[in-house]
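**Q** Dropping the structure in here first, questions after.
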Amino acid sequence: MYKGIGASAGIGIGKVLILKEAELNYTRTTITDKEAEKKRLADAIEVFVEKTMALAERMKVTAGEAESEILLGHVMMVQDPAISEQIEQKIDDDSINAEAAVEEACDFFAMIFSMAEDELTQQRASDLGDIKTRLIKILMGVEEVDISAAPAETIFVAEDLTPSMTAGFVPENIEGVLTEIGGKTSHSAIICRSMEIPACLSIPEITTIVKNGDVVVMDGSTGEVYINPEESVIEEFKVKREKFLAEKALLEKFRGQPSQSADGKVVELVCNIGGPDEAAGVLERDGEGVGLFRTEFLFMDSDAIPSEDSQFEAYKTVAETLEGKPVIIRTLDIGGDKALPYLGLPTEENPFLGFRAVRFCLKRIEDIYRPQLRALLRASAYGKIRIMVPLVTCVDELRAVKEIIAEIKAELDEKGIAYDKDIKVGVMMETAAASLIADILAAEADFFSIGTNDLTGYTMAADRGNPDVAYLYSTYNPAVLRSIRNIISAANEAGIMAGMCGEAAADPLMIPLLLAFGLDEFSVSATSVLQARATMSLWTMEEAKELADKAMALKTEAEVKALLEANAR
């Protein structure tokens, strides 16, 4: 048995077809006619755009509108002056052929995106890799592999699965996907989930372990993969598949239903997104709004600080798409490990404890923070926008942000520019300091949203990416649970909304505890909405509180996890 990351639920049983990219062995050459080379590049970009638009139209049918926008994003990236001009500049300055210029420019921007801490932003590095490969293929005259010709009961195996590859999928012929890299929030995972194709990602050297025609059975929930198994294992997985399909059909009854406990305690079930192109997917998946819109992508997609107007258009698009549903937008959370060359950030020995998020923004008010806050206020006239401040550790930071917002409101009033005069300003509760002064912050914030990923790391002083301390990084740890309960309790007592936008909000084991603690809003990935709603419906508030009392009386992470697993429904 081989183990990967279960990235798209479902049971797959089929035969292996290995996807291998053609070798792009071009020679880096010195060119003399730069204008001719730039014309060759422009022609290649034109072909790229034409082909990608056609793929996007195909994906609208096979995966849905939101997923097709991933490919439309590729068109926007290749046409972005920051990227296209950098490629041309390399031709001009270095006198190199277009293939080499494309590779060097795309690799540069991919490196910037890969430095981000969140996987959604890191995915843009993978996007650039896809764009680079396809552009060079066009320049070299190499034809794309026809994935649509794959026979029924195919298990695709690849080093990575790019959006352009998945656009060629015929879902009914594909039993599953196995890759060597990728995570749950990678585009390959998102698209597989949309097409309801089981996927197990990050299986080391899987492309060399299997060969074409091998029989594979796989579980896209657990990441388990069996190659050429005995007949008894195949029969076992056939039974698992029938059970999975039956359970999936039952989830559909929760579409359009309120998000509530078994005895009618109603909460808000919203979604986390990374950009305007993901907003439509929230509605498609029956989300009740946006609980976290990360704004870093606007800055990471550019080689200069994005203008107020460009930000305004992005925020306005999301607000209008959500049609009056709440949209919580987090102000710029950058710095430290998410450095951008044009921001001139210092190199730090410990970036997670350094100059980032609100700390950075309050030092760059005029050129960065004020334009963003002004864009958010202007966009609030088009929907139910709420502003969230990240990495708050003291009330002075919140007060400083609110003071800037008050100044901007006065400026907008003077110019007669519309905005939501009652716009809410809240705090992303993700530090131990914020947890300890939750009562103080609750007196001045309009809402809380708990970021359990960072809260867990900061509370346990453990880097989730460090395997030597990974055992400490767990939301089930009593210290983390007490922090969560304290934050929610402070919000409840102050009469403000307590939300959660970290991964724990979608954890079936955590949901009864969060209901018992008094959480008002759960923000999850769009694909987790129905499952989270179904889990909530299995618990009465009395049962949830009884379980929470037992969990909070325990002393170790292992004891808490064992209790929650034993009571899972």
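**Q** Keeping every protein chain in place, order R134, R569 by accessible area at 1.4 Å, biggest value first, i.e. largest first. Working shown, then result.
**A** Details: R134 10, R569 135 Å².
From most accessible down to least: R569, R134.
**Q** Can you tally the net charge around V270? Count Lys and Arg as +1, Asp and Glu as -1, for every other residue whose Cβ sits under 10 Å from the Cβ of V270.
**A** Values: positive: K325; negative: E268, E288, E521.
Net of charged neighbours comes to -2.
**Q** Go through segment 224-236 residue by residue and turn each phi into a ³J(HN,Hα) via Karplus (6.51, -1.76, 1.60, θ = phi - 60°); whole Hz please, and just put x for glycine and proline.
**A** 7, 9, 10, 10, 6, x, 5, 4, 4, 5, 4, 5, 4
**Q** Same structure, new question: Over 10 Å intervals from 0, what percent of Cα-Cα pairs in the chain sits in each interval?
**A** Each 10 Å bin holds this share of Cα pairs: 3, 16, 26, 27, 18, 7, 2, 0.
**Q** Viscosity 0.890 mPa s, temperature 25 °C: give me the Stokes-Einstein translational D for segment 129-255 in µm²/s, with Rh taken as the Kirkwood radius over C-alpha pairs. Walk me through the intermediate numbers first.
**A** On the way: Rh = 15.9 Å.
Value of D from the Cα-based Kirkwood radius: 154 µm²/s.
**Q** Something else now. Could you work out Rg/(2.2 N^0.38 Å) for segment 414-569, with Rg from alpha carbons only?
**A** Compactness ratio reported: 1.10.
**Q** I need the P(r) histogram for segment 219-313: all alpha carbon pairs, bin width 10 Å from 0 out to the longest distance, whole percents.
**A** Reading upward from the zero bin: 12, 25, 24, 21, 15, 4, 0.
**Q** For N567 paired with K415, estimate the spin-label separation in nm (one decimal), with each label point 7 Å from Cα along the Cα-to-Cβ line.
**A** Spacing of the two 7 Å Cα→Cβ label points: 5.4 nm.
**Q** From the C-alpha gyration tensor of segment 248-393, pull out the three semi-axes of the equivalent ellipsoid (sqrt of 5λ each), sorted largest to smallest, in whole Å.
**A** Working: eigenvalues 205, 62, 36 Å².
Three semi-axes, in Å: 32, 18, 13.
**Q** Counting only residues 5 or more places away or on other chains, whose amide H sits under 5 Å from the amide H of R386 once H atoms are built in the peptide plane?
**A** Here V327, I328, I329 satisfy the definition.
**Q** Among DSSP bridges having both ends in segment 129-247, what percentage is antiparallel? Round to the nearest 5.
**A** If I count the DSSP bridges inside segment 129-247, around 35 percent turn out antiparallel.
**Q** Just read off the accessible area of M77 with the full protein assembly in place, 1.4 Å probe, to the nearest 10 Å².
**A** Ignoring ligands and nucleic acids, M77 comes out at about 20 Å².
**Q** Under a cut-off of 26 Å between alpha-carbon atoms, report the lysines in cross-link reach of K415, not counting same-chain residues fewer than 8 places apart.
**A** Reachable lysines: K316, K384, K402, K424.
**Q** Here's something else I'd like to know. Could you rank the peptides 555-566, 279-290 by their average count of other C-beta atoms within 10 Å per residue, with the highest value first? Show your work: numbers first, answer last.
**A** Working: 555-566: 14.7, 279-290: 22.2.
Order by mean packing, descending: 279-290, 555-566.
**Q** Please report the carbon-and-sulfur percent of the accessible area for the chain; probe 1.4 Å, protein heavy atoms only, DNA, RNA and ligands left out.
**A** Numbers: 12010 of 23750 Å².
Accessible surface attributable to carbon and sulfur in the chain totals 51 percent.
**Q** Throw me the Rg/Rh for segment 485-569, computed over C-alpha atoms with Kirkwood Rh, two decimals.
**A** Numbers: Rg = 12.6 Å, Rh = 13.2 Å.
Value, to two decimals: 0.95.
**Q** Measure off 7 Å from each Cα along the Cα-to-Cβ vector at D33 and E205, then give the distance between these two points in nanometres to one decimal.
**A** 4.9
**Q** Calculate, for segment 48-186, the solvent-accessible area per residue in square angstrom, rolling a 1.4 angstrom probe over the heavy atoms of the protein chains.
**A** Numbers: 5200 Å² over 139 residues.
Computed with neighbouring chains in place, this is 37 Å² per residue.
**Q** Treat every Asp and Glu Cβ in the chain as -1 and every Lys and Arg Cβ as +1, leave all other atoms uncharged, and give the resulting dipole magnitude about the Cα centre to the nearest 20 debye.
**A** Working: 57 positive and 97 negative charges, 259 e Å.
So the dipole magnitude of the chain works out to roughly 1240 debye.
**Q** While we're on this one: Could you work out [θ]222 nm for the chain from helices alone, using -39500 (n - 2.57) per DSSP H run of at least four and dividing by all its residues? Round to the nearest 500 deg cm²/dmol.
**A** Details: 23 runs with 269 residues, N = 569.
Calculated at 222 nm, the ellipticity per residue is -14500 deg cm²/dmol.
**Q** In the neighborhood of F244, defined by Cβ-to-Cβ distances under 12 Å, what is the net charge if each Lys or Arg adds +1 and each Asp or Glu adds -1? Write out the running numbers ahead of the final one.
**A** Details: positive: K238, K240, R241, K243, K248; negative: E196, D219, E242, E247.
Summing Lys/Arg as +1 and Asp/Glu as -1 gives +1.
**Q** With label points built 7 Å along Cα→Cβ from the Cα atoms of A249 and A461, find their separation and express it in nm.
**A** The answer from the label model is 5.4 nm.
**Q** If DNA, RNA and ligands are ignored and the probe is 1.4 Å, what is the ranking of I18, I87 by accessible area, most exposed first?
**A** Ranked from most to least accessible, the order is I18, I87.
**Q** Would you kindly state how much longer the chain becomes between N212 and E57 on full extension, computed as 0.36 nm times their sequence separation minus their alpha carbon distance, in nm to one decimal?
**A** 52.8 nm
**Q** Still on this structure, I have one more. Can you give the net charge of the other residues whose Cβ lies under 10 Å from the Cβ of S261, counting K and R as +1 and D and E as -1?
**A** Numbers: positive: K265; negative: D263, E542, E543.
Around S261, the charge tally is -2.
**Q** Place a label point 7 angstrom from the Cα of E143 along the Cα-to-Cβ direction, then list the residues of segment 12-44 whose backbone nitrogen is under 16 Å away.
**A** 20-23
**Q** With every protein chain in place, what's the accessible area of K409 (1.4 Å probe, Å², nearest 10)?
**A** 40
**Q** What FRET efficiency comes out for the pair E242/D367, r = Cβ-Cβ distance, R0 = 51 Å, nearest 0.05? Before the final figure, lay out each step's value.
**A** On the way: r = 59 Å, r/R0 = 1.15.
Here the calculated transfer efficiency is 0.30.
**Q** So how strong a dipole does segment 416-537 carry about its Cα centre when Lys and Arg Cβ are +1 and Asp and Glu Cβ are -1, to the nearest 20 debye? If you can, show how the numbers build up before the last one.
**A** Working: 6 positive and 14 negative charges, 49 e Å.
Roughly 240 debye for segment 416-537.
**Q** For Q260 and E320, compute 0.36 nm times the residue count separating them, minus their Cα-Cα distance, and round to one decimal in nm. Don't jump to the answer; show the numbers that get you there.
**A** Working: separation 60, 0.36 × 60 = 21.60 nm, distance 2.64 nm.
My answer for the length gained is 19.0 nm.
**Q** Taking R0 as 51 Å, what FRET efficiency do you get between A82 and E231 from their Cβ-Cβ distance, rounded to the nearest 0.05?
**A** Values: r = 56 Å, r/R0 = 1.09.
Between A82 and E231 the formula returns 0.35.
The values are calculated or read from the model by the stated rules, or taken from the named source; none is laboratory data. These numbers come from a predicted model, not from an experiment. Methodologically, a virtual Cβ is constructed for each residue, glycine included, from the backbone with ideal geometry; neighbour enumeration extends over all protein chains shown. Just the protein is used for accessible areas: all its heavy atoms, side chains included, with ligands, DNA and RNA removed. Shrake-Rupley method; radii C 1.70, N 1.55, O 1.52, S 1.80 Å.
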